[in-house]
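K.L.:
Sharing a structure here in structure tokens format.
The values are calculated or read from the model by the stated rules, or taken from the named source; none is laboratory data. These numbers come from a predicted model, not from an experiment. Positions of Cβ are backbone-derived with ideal geometry, glycine not excepted, and every protein chain shown enters the neighbour counts.
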């Protein structure tokens, strides 16, 4: 019962405040309208109505302006300063001994081995079971296995190329090597396929079988 009484009291207060505001607006409008008819051809009703409408519009606009949050101008987007390319963990010299050995195959292996190593290093299961040197050696060996597997298959013109764990295992059998654990090969295959999808030059070497040509990027 008390809640109903409070609600009715609130409605009454709102109603009285509304009436008071209306009375003030009416009084203001009539007063200004009366002054307005002295200098314009309007009737008292027209002048009062005009002042009332103008007062409502101006009041609404003033309230809108006062309640609008002032926002600071948007600052220009921040672009971090360019960072020099991080040196590759496995240097190029691990893949050639002379200028004549700077072939597409050597460059392909260099790119793939580093990509594989980065993913090995980011894998907690792998980097806790091997040290940095072991991961680098493994990445280099897998790049050799990869090239052997890609050379043994018929090149596909156009489209995308995907390497599988099965392909690497078969090639390791051919090379007389014991296949590595699946988690290692899965990580390596993921790195390899990402590189083949990302770098058109690497993909072109496989598709065109230009392994023995001199590399342009070195």
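K.L.:
The conditions are (1) more than 26 Å from the chain's Cα centre (by Cα); (2) surrounded by 12 or more Cβ atoms within 10 Å (Cβ to Cβ), and residue 181 fails exactly one of them. Which is it?
P.N.:
Failing condition for residue 181: (2).
K.L.:
Here are some conditions: (1) assigned by TED's automatic domain parsing to the domain that holds residue 107; (2) surrounded by 14 or more Cβ atoms within 10 Å (Cβ to Cβ). Residue 162 meets all but one. Which one does it not meet?
P.N.:
(2)
K.L.:
Counting only residues that are outside the structural domain of residue 119 (by TED's automatic domain parsing) and free of Cβ contacts under 8 Å to residues at least 40 places away in the same chain, how many does the stretch 190-218 have?
P.N.:
Of the residues in that region, 1 qualify.
K.L.:
Here's something else I'd like to know. Answer yes or no: is there a residue in the stretch 116-130 that is assigned by TED's automatic domain parsing to the domain that holds residue 189 and farther than 18 Å from residue 182 by Cα.
P.N.:
Taking every residue of the stretch 116-130 in turn, none turns out to be assigned by TED's automatic domain parsing to the domain that holds residue 189 and farther than 18 Å from residue 182 by Cα.
K.L.:
Can you find a residue that is part of a helix (DSSP H, G or I) and modelled with pLDDT of 75 or more anywhere in the stretch 29-38?
P.N.:
no
K.L.:
When only residues in the stretch 119-139 that are buried (at least 20 other Cβ atoms within 10 Å of the Cβ) and more than 29 Å from the chain's Cα centre (by Cα) count, which is nearest to residue 104 (Cα to Cα)?
P.N.:
139
K.L.:
Now for a different question. What's the number of the only condition in (1) closer than 23 Å to residue 212 by Cβ; (2) modelled with pLDDT of 95 or more that residue 119 fails to meet?
P.N.:
Condition not satisfied by residue 119: (1).
K.L.:
Step by step: first the residues of the stretch 90-102, then only those that are more than 18 Å from residue 202 (Cβ to Cβ) and in a loop (DSSP other than H, G, I, E, B), then the one that is nearest to the chain's Cα centre (by Cα). Which residue is that?
P.N.:
91
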